[in-house]
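Read the figures in this text as sums done on the coordinates, not as results from a lab. Because the structure is a prediction, the values reported are computed rather than measured. Please note: Cβ atoms are built from the backbone with ideal geometry, for glycine as well, and neighbour counts cover all protein chains shown.
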Amino acid sequence: MRIELDQDACVGSGNCVVSAPDVFDQRDDDGIAFLLEENPSAERESAVKEAEAMCPALAIRVHKK
Amino acid sequence: MTGEVSAGDASAKKVVIVGAGPAGIAAADALRAADHTGEILIFGEERHAPYDRPPLSKQILAGTWLPEKAQLRTSEQLAAADVTLHLSVRVASVDVEAHQVTLESGEQVAYDALIIATGVTVRVLPFGHQLEGVHVMRTLDDALALRSHMETSQHLAVIGAGFLGAEVAAVARSLGREVTLIDPLELPMQNVVGDEVGSMIADLHRHHGVNLELGHGVASIEDNLGRATGVTLDDGRTVPADAALVAVGARPAVDWLHSSSVPLTAPKEPGAGGIRCDSSGRAADDVWAIGDVAAWWDPTLERHVRVEHRMTANEHARSCAHDILELAPTAAKSVPYFWSDQYDLKLRSFGLPSRQCSFHVVEGDLADRRFVAAYTDESDRIVGTIGAGMFKAMNWWRQQILDGQTLGEALRLKQSAENSA
Ligand SMILES: Cc1cc2nc3c(=O)[nH]c(=O)nc-3n(C[C@H](O)[C@H](O)[C@H](O)COP(=O)(O)OP(=O)(O)OC[C@H]3O[C@@H](n4cnc5c(N)ncnc54)[C@H](O)[C@@H]3O)c2cc1C
């Protein structure tokens, strides 16, 4: 699984950090999300999919490899 | 077209979604993600492929994004998910008892489950909208029209200093236009953010050269040969303006439901005229409502709540998809969330802050525009937060709202966490 994060679209809701805290984090000053893990292991799939689905800015894309 | 399914076959239900905005699209996604295999039909009255609205008053108006970047789904993506989208089709009515909707063409479409996601429609002034140069902002076409008009205009009057008006004022200043921001309230966004944050935002706009006309209503829009030339305030003064944006709020898009048995909340009561739903979005037999149009029962607040925020569309969509598919409710509790970008200020809010709450800066400093503020009710419970520039702290306070904490208890928790750190 590979994650693509569009920081230009990110609105800093922090929703992904709540869904998958081991995969996403956010900068403190502007809230923009960043990846802790670009290729998370398969057992993180449901958490990462949830982050993708709930992102209010459609900034996350999960690609199956 | 009928779609009766036997009990226990929830994943094969034929689902009709009315409204192809973020909520409608998210509902189709959430159904498929939860292994729904039945037919999904979406009807949307707009002609554009589904797109997102928050960028309209920000990147699209500023010209930093092309409209394609705000697109929610391409037709290929919808086809891959086996979702049928009909654009430029308005649904005219619903017959709840017969389980069918009627399109504007008169065609009838049956459903097993109906999801209403029709959003809101802008409110307008009783005058002025026929003039060239007078705009509203709800759709992509609205945003592109204002953008194109601003290329040749010098002075924009923004009528209504809510989130939308304040954001547009900021973009117009960044494009070098003269801007006047007008509102009958004393401060921008005052009903939601209260006096303290409202003052901070007023200062920010003043600092960027916006002419603030607060505490003033609008009496008329002046014109010369059908083109707007100025906005006359309730004290008789006229502000010059060759472009005007009317941003005076919105009302639920429920006109098409008046002949149906779908229940509505009263406009001036909790739920603000939205579709009256239970706490999982059910409005009537096999009818759900989601997004801006829907007033869901909030069991904690014990009233109906209608929220016009983008995040709510996703949350409603997922929760209603699970209910339609007769799955266990989604576990994660959530709180409303919104953001507003003005100049370099990135304002963020969790919960339901309002002017009626008590206001407490709990982190940072408002004057630095780096802060978290807690809004509490009469029993000291934290009902909302607003902040900027301190995202980690914002998340901690979000959790306190979720936990139903009082401010006193939250501050004690914070203190003991800091002591043990
Ligand atoms: C300019 C702007 C900026 C915003 N910025 C922010 C922001 O920064 N942060 C934030 O949290 N929120 C923001 N919002 C709010 C956010 O966009 C909404 O909460 C969100 O769009 C709600 O989605 P929805 O699908 O419920 O409704 P909508 O987006 O309104 O979509 C409903 C769709 O249904 C269609 N429709 C209505 N009636 C019918 C019918 N009878 N038949 C067929 N189709 C119908 C409508 O034409 C529309 O396309 C902003 C809104 C606007 C307008």
In degrees, nearest ten, helix A:45-54 long axis to first principal axis of chain A (Cα): 40 degrees
Relative contact order %, chain B, counting alpha carbon pairs below 8 Å whose residues are six or more apart: 14 percent
Other protein chain Cβ atoms within 10 Å, averaged over every residue that makes up B:391-397: 5
Sorted by Cβ density within 10 Å, fewest first, the residues B:M394, B:M137, A:M1: A:M1, B:M137, B:M394
Residue mean of other protein chain beta carbons inside 10 Å, A:26-32: 6
J(HN,Hα) series, the stretch B:294-306, from Karplus relation 6.51 cos²θ - 1.76 cosθ + 1.60, nearest Hz, glycine and proline x: 9, 10, 8, 5, 9, x, 6, 7, 6, 7, 6, 10, 10
Relative contact order, percent, the stretch B:344-420 [alpha-carbon distance under 8 Å, six or more residues apart]: 28 percent
Helix-only CD estimate at 222 nm, as mean residue ellipticity for chain A, using -39500 (n - 2.57) per DSSP H run (n ≥ 4): -6000 deg cm²/dmol
Cross-link partners of B:K414 among lysines (Cα-Cα below 30 Å; sequence separation of 8 or more within a chain): B:K333, B:K346, B:K392
B:D223-A:K64 pseudo-label distance in nm [points 7 Å out on the Cα-to-Cβ vector]: 5.7 nm
Sorted peptide list for A:39-50, B:50-61, B:296-307, criterion being average Cβ within 10 angstrom, highest first: B:50-61, B:296-307, A:39-50
Structure-based [θ]222 nm, chain B - -39500 (n - 2.57) summed over DSSP H runs of at least 4, per residue, nearest 500: -7500 deg cm²/dmol
Which of B:I401, B:I275, A:I32 has the fewest Cβ neighbours within 10 Å, and the rest in rising order: A:I32, B:I401, B:I275
Amide proton proximity set for B:V120, modelled H, under 5 Å, gap of 5+: B:A253
Distant-in-sequence amide H partners of A:G31 (H built 1.01 Å from N, under 5 Å): B:F391
Amide H contacts of B:V231 (H built 1.01 Å from N, under 5 Å, at least 5 apart or other chain): B:E222, B:V239, B:A241
Dipole of chain B [Lys/Arg +1, Asp/Glu -1 at C-beta], most positive-end residue of B:L140, B:T74, B:A241: B:A241
Residue among B:E326, B:E315, B:E222 with the largest mean-square fluctuation in a Gaussian network model of chain B, springs linking Cα atoms under 10 Å: B:E326
Cα-projected label distance for A:D30 with B:D255, points at 7 Å along beta-carbon direction, nm: 4.1 nm
Calculated FRET value between B:Y343 and B:R237, using beta carbons and R₀ = 22 Å, to 0.05: 0.25
For chain A: relative contact order, % (alpha-carbon pairs under 8 angstrom, 6 or more apart): 47 percent
